[in-house]
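Input: a single structure, listed below in structure tokens.
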């Protein structure tokens with residue numbers, strides 16, 4: 001919401017219609033990429049690794 005408000009506040013209506021509406025989507029795509037990279041490089045907790053080694057990881061944890 002903040003990126004959208006900033007974009008609308010800073011650009012003229014013509015620029016917003018021409019190309020400015022893409023800015024919030026670009027910011028969202030970058031944030032999604034950062035989240036994906038962060039999640040893929042995180043280590044598992046010692047408890048989960050212990051469960052995995054003993055074969056007691058629940059199939060449907062929820």
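What follows is calculated from the coordinates using simple rules that are stated; it is not laboratory data. This structure is a prediction, so every number in the text was calculated from the model and none was measured.
Based on DSSP H runs of at least 4 residues, each adding -39500 (n - 2.57), what is the mean residue ellipticity at 222 nm of the chain after dividing by all its residues, to the nearest 500 deg cm²/dmol?
Roughly -21000 deg cm²/dmol at 222 nm, from the helical runs in the chain.
Between residue 43 and residue 59, what is 0.36 nm times their sequence separation minus the Cα-Cα distance? Round to one decimal in nm.
3.8 nm
Given (i) -0.66; (ii) -0.51; (iii) -0.74, which label gives log10 I(q)/I(0) by the Debye sum over Cα atoms at q = 0.18 Å⁻¹ as computed from the coordinates?
Of the labelled values, this structure produces (iii).
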